[in-house]
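Colleague: Would you mind keeping the following structure in view while I ask a few things?
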Amino acid sequence: MAEAVIELKDVSLTLGDGASRVHVLNGVSLDVESGEVVGIVGPSGSGKSTLLMVLAGLERVDAGTVRIAGETLNARSEDQIASFRGKNIGIVFQSFHLIPNMTALENVAVPLELSGHDDPFGVAARELAAVGLSDRVTHYPGELSGGEQQRVAIARALAPAPRILIADEPTGNLDQATGRQVADLLFAKAAERAMTLVLVTHDPGLAARCSRQVAMRSGRIEEAPVLARARA
């Protein structure tokens, strides 16, 4: 049996106070094996994106255990979690989250610089080439199409060579053709680098390409994971 790189056990998370208090996650348990591709599906407000934020250490849980790549995150300080995340987890958001006054090259290099990498710009240039943007390294986000911006975001996520790549609606802001190209890129890079990929999507076609689907509703995993044959 492959190693479990993500292990959640009885995880619960509540956000807000008083009358606005909402139970976002309710006793969620989930194991994801190294190299697996998992799609998180379900209606809006079901807790999908919050689950990704928990996996990334960007949200602290109220109860339960979060173990990622062999490390239990619950008792870690914010600085320790940030350092761990920078080395082990790449994140791709729906809205790109690029820094507008930095070039594509600088956007990819920044997290490497912050982690003390000895060649951040060399790695950034290689990663941009790997996503087909070697001719766009000096362009700013405002000079790039939506698909190109998402490719920069993917290059940034891949640059630290993480064990886990998580993507929150990575094609949600793109047209169908561009979204397909970005999805192809994500799946290809995950396979090439033997990374674990966990993505949230409302797109049934994208979810069907994952090796496993996990359905959520009202902060819970709704049913046993649905196995699906990955599509090329």
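Colleague: Would you mind stating whether Ser46 is closer than 22 Å to Thr178 by Cβ, assigned to a loop (DSSP other than H, G, I, E, B) and of a type in the set (Ser, Thr, Tyr)?
Modeller: Against the criterion (closer than 22 Å to Thr178 by Cβ, assigned to a loop (DSSP other than H, G, I, E, B) and of a type in the set (Ser, Thr, Tyr)), Ser46 does not qualify.
Colleague: Considering only residues that are open to solvent by less than 30 Å² (accessible area, probe 1.4 Å) and either within 13 Å of Leu25 (Cβ to Cβ) or not aliphatic (A, V, I, L, M) (or both), which ones fall in segment 65-74?
Modeller: The one that is open to solvent by less than 30 Å² (accessible area, probe 1.4 Å) and either within 13 Å of Leu25 (Cβ to Cβ) or not aliphatic (A, V, I, L, M) (or both): Val66.
Colleague: Sticking with this one: Is at least one residue of segment 133-154 outside any helix (DSSP H, G or I) and under 19 Å from the mean Cα position of the chain (by Cα)?
Modeller: Scanning segment 133-154, I find no residue that is outside any helix (DSSP H, G or I) and under 19 Å from the mean Cα position of the chain (by Cα), so the answer is no.
Colleague: State whether one or more residues within segment 143-163 are out of contact with any His (no Cβ under 7 Å at 6 or more places or on another chain), over 26 Å from Ile40 (Cα atoms), open to solvent by 10 Å² or more (accessible area, probe 1.4 Å) and of a type outside the set (Asp, Glu).
Modeller: Yes, there is a match, as at least one residue in segment 143-163 is out of contact with any His (no Cβ under 7 Å at 6 or more places or on another chain), over 26 Å from Ile40 (Cα atoms), open to solvent by 10 Å² or more (accessible area, probe 1.4 Å) and of a type outside the set (Asp, Glu).
Colleague: Would you check if Val110 is among the β-branched types (Val, Ile, Thr), open to solvent by less than 60 Å² (accessible area, probe 1.4 Å) and not in a helix (DSSP H, G or I)?
Modeller: Values: among the β-branched types (Val, Ile, Thr): yes; open to solvent by less than 60 Å² (accessible area, probe 1.4 Å): yes; not in a helix (DSSP H, G or I): no.
No, not satisfied.
Quick grid of which residues meet (1) on the phi > 0 side of the Ramachandran plot; (2) in contact with a helix residue (DSSP H, G or I) (Cβ under 7 Å, 6 or more places away or on another chain); (3) at pLDDT 95 or above; (4) not basic (Lys, Arg):
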site: Lys9; (1), (2), (3), (4): no, no, yes, no
site: Ser12; (1), (2), (3), (4): no, no, yes, yes
site: Gly16; (1), (2), (3), (4): yes, no, no, yes
site: Val28; (1), (2), (3), (4): no, yes, yes, yes
site: Gly39; (1), (2), (3), (4): no, yes, yes, yes
site: Asn74; (1), (2), (3), (4): no, no, no, yes
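Colleague: Do we find that Ser49 is polar (S, T, N, Q), free of Cβ contacts under 8 Å to residues at least 40 places away in the same chain and out of contact with any helix residue (DSSP H, G or I) (no Cβ under 9 Å at 6 or more places or on another chain) in this structure?
Modeller: no
Colleague: Still on this structure, I have one more. Kindly evaluate Gly116 against the criterion of being surrounded by fewer than 16 Cβ atoms within 10 Å (Cβ to Cβ), on the phi > 0 side of the Ramachandran plot and not hydrophobic (A, V, I, L, M, F, W, C).
Modeller: Against the criterion (surrounded by fewer than 16 Cβ atoms within 10 Å (Cβ to Cβ), on the phi > 0 side of the Ramachandran plot and not hydrophobic (A, V, I, L, M, F, W, C)), Gly116 qualifies.
Colleague: I would also like to ask the following. Please go through segment 79-100 and give me each residue that is touching a Pro at 6+ places or on another chain (Cβ under 9 Å) and either under 20 Å from Phe121 (Cβ atoms) or part of a helix (DSSP H, G or I) (or both), ordered by number.
Modeller: Passing the criteria: Arg85, Gly86, Lys87, Asn88, Gly90, Leu98, Ile99, Pro100.
Colleague: Looking only at segment 165-194, count how many residues are part of a helix (DSSP H, G or I) and touching a Phe, Trp or Tyr at 6+ places or on another chain (Cβ under 8 Å).
Modeller: So in segment 165-194, the residues part of a helix (DSSP H, G or I) come out as 176-192.
If we keep only those that are touching a Phe, Trp or Tyr at 6+ places or on another chain (Cβ under 8 Å) too, we end up with none.
So the answer is 0.
The values are calculated or read from the model by the stated rules, or taken from the named source; none is laboratory data. Owing to the predicted nature of the structure, the values given are computational and were not obtained by experimental measurement. Cβ sites come from the backbone with ideal geometry, for glycine too, and all protein chains shown count toward neighbours. Just the protein is used for accessible areas: all its heavy atoms, side chains included, with ligands, DNA and RNA removed. Shrake-Rupley method; radii C 1.70, N 1.55, O 1.52, S 1.80 Å.
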